[in-house]
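K.L.:
This is the structure I want to talk about, given as structure tokens.
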Amino acid sequence: MKKISLTGWILIAMALGIITGYLVHANASAAFIPKFSSNIRLLTKIFLFLVQMIIAPLVFSTLVVGIAKLGDMKSVGRVGGKALLWFISASLISLLLGMLFVNFFHPGTAIDLSNADVAAAKDLVGKTQEFSLETFVEHVFPRSVVEAMANNSILQLVVFSVFFGIATASIGEKGKPLVKALDAFAHVILKMVGYVMIFAPLGVFGAIAAVIATKGLDVFRFYGLYLLYFIIGIASLWSVLLLVGFLILRNRLPQLLKRIAQPLLVAFSTTSSEAVFPKLTTELERFGCKDKIVSFILPLGYSFNLDGSMMYMTFASLAIAQAYGVHLDTGTQLTMLLVLMLTSKGIAGVPRASLVVVTATCSMFHIPPEGIALILPIDHFCDMFRTMTNVLGNALATTVVSKWEGELSEELKTDLAV
């Protein structure tokens, strides 16, 4: 009998989660459902905690080693410049597509005003009151690397690791023993990835069962059109990203998609980019990207290159405006796009970061910020698609920069993390 792969177990877990959640939602009492959702979600928390425990050491060790192997500031600047070129271009395309589709489909008219999640919206509005230039700077620059590691603040870790890696490379021979030690440490962490991924199906089951038990399948009756329009937009964004990827990678693109299929599925089902960061690192190296490129580009991408989230920001912001009948001319919408381009960078560590930015942007453009309540009931399902798109965008960015640098070798046949 053929052994079921991890991807197969994840798909089974998703199906069981939907069935279990629906049975609970349809048959359990109103008092039992919140308790069930809270308890079953613990499975997801366990999986995410296991992943989070290895993110900080992995980012630090691989990024320092990657920068040290790049050698000098000139190489770091060249690779970083190419990465930023991709990041900025992809972000602008994502935001523009969101703006185009929301103006074409008018998803705001599909939102049912009577089903707004007011309680959750108040929590998000509260977070935006703390969102300012000062807090943005505090989120980007670490005052303590220990605190950054404890909070899994990826961007702060990237800032510290870049300084540490450049300093290590600049001292030459004295830094080589440290680089060698960190390289070995990174491989140990990558080995742990294989062990942690065993828990992925349980995490997927908990996440799906909890949301279906709480929301039920009826949520699609009211928000089906909104979700459908967003999926069409995401599909268009995938088409653009894959087209550009094909033009650069040619016949290697199908191999890349095969390699990252499992991380994409985990990201989709758990709505967590963090959950696949270690596995994505491994798969990109197995695909043929040099470790020094992967360890430099991928952490940057997790802070600056969130294509699915970027598209959703314009889509959701303008949909809320449509629901409230707030007219925004093209110039104002383009201004909003540029504001989102700037304010969205470096906040990946904030819980439900996309919605926090959307709420803040609505306030800035005189759109009722409590309008975020209108889209919250369907947000989990939108988040599944935008998280998966974020992972695809970062995988393509890392691979394309590797190709531009002439550092993309043939696919490795050995498993690095299993």
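K.L.:
Hey, fewest Cβ within 10 Å first, where do Glu283, Glu138, Glu370 land in order?
P.N.:
Taking fewest neighbouring Cβ atoms as first place, the list is Glu138, Glu370, Glu283.
K.L.:
Nearest 20 debye, what's the magnitude of the dipole of the chain about its Cα centre given +1 on Lys and Arg Cβ and -1 on Asp and Glu Cβ?
P.N.:
1100 debye
K.L.:
Go ahead and run the numbers for FRET between Ser89 and Glu134, Cβ-Cβ distance against an R0 of 22 Å, rounding to 0.05.
P.N.:
According to the calculation, E is roughly 0.15.
K.L.:
Sticking with this one: So how much slack lies between Glu411 and Lys174, counting 0.36 nm per residue of separation and subtracting their Cα-Cα distance, in nm?
P.N.:
82.0 nm
K.L.:
Please tell me the relative contact order of the range 6-404 in percent, rounded to the nearest whole number, where contacts are Cα pairs under 8 Å and at least six residues apart.
P.N.:
Relative contact order, the range 6-404: 35 percent.
K.L.:
Please report the base-10 log of the normalised intensity I(q)/I(0) for the range 6-404, using a Debye sum with one equal scatterer per alpha carbon and no solvent, at each q in 0.10 (1/Å).
P.N.:
So the normalised log intensities are -0.66.
K.L.:
Run a plain Debye calculation on the range 17-93 (Cα atoms as equal point scatterers, no solvent) and give log10 I(q)/I(0) at q = 0.15, 0.20, 0.23 Å⁻¹, rounded to two decimals, same order as the q list.
P.N.:
Here log10 of I(q) over I(0) equals -0.75, -0.93, -1.03.
K.L.:
What nm distance separates the two modelled labels at Gln52 and Phe104, each placed 7 Å from Cα along Cα→Cβ?
P.N.:
In this crude label model, Gln52 to Phe104 measures out at 3.9 nm.
K.L.:
In whole angstrom, how long is each semi-axis of the equivalent ellipsoid of the range 132-222, when you take the square root of 5 times every eigenvalue of its Cα gyration tensor and sort them from largest down?
P.N.:
For the range 132-222, the ellipsoid semi-axes come out as 39, 23, 9 Å.
K.L.:
Provide the packing ranking of 249-255, 313-319, i.e. peptides ordered by the mean count of other C-beta atoms within 10 Å per residue, highest first.
P.N.:
Per-residue mean Cβ counts within 10 Å order the peptides as 313-319, 249-255.
Every number in this text was worked out from the coordinates using simple rules, so none of it is lab data. All figures in this text were calculated on a predicted structure; none of them were measured in a lab. Using ideal geometry, Cβ is built from the backbone for each residue, glycine included, and neighbour counts are taken over all protein chains shown.
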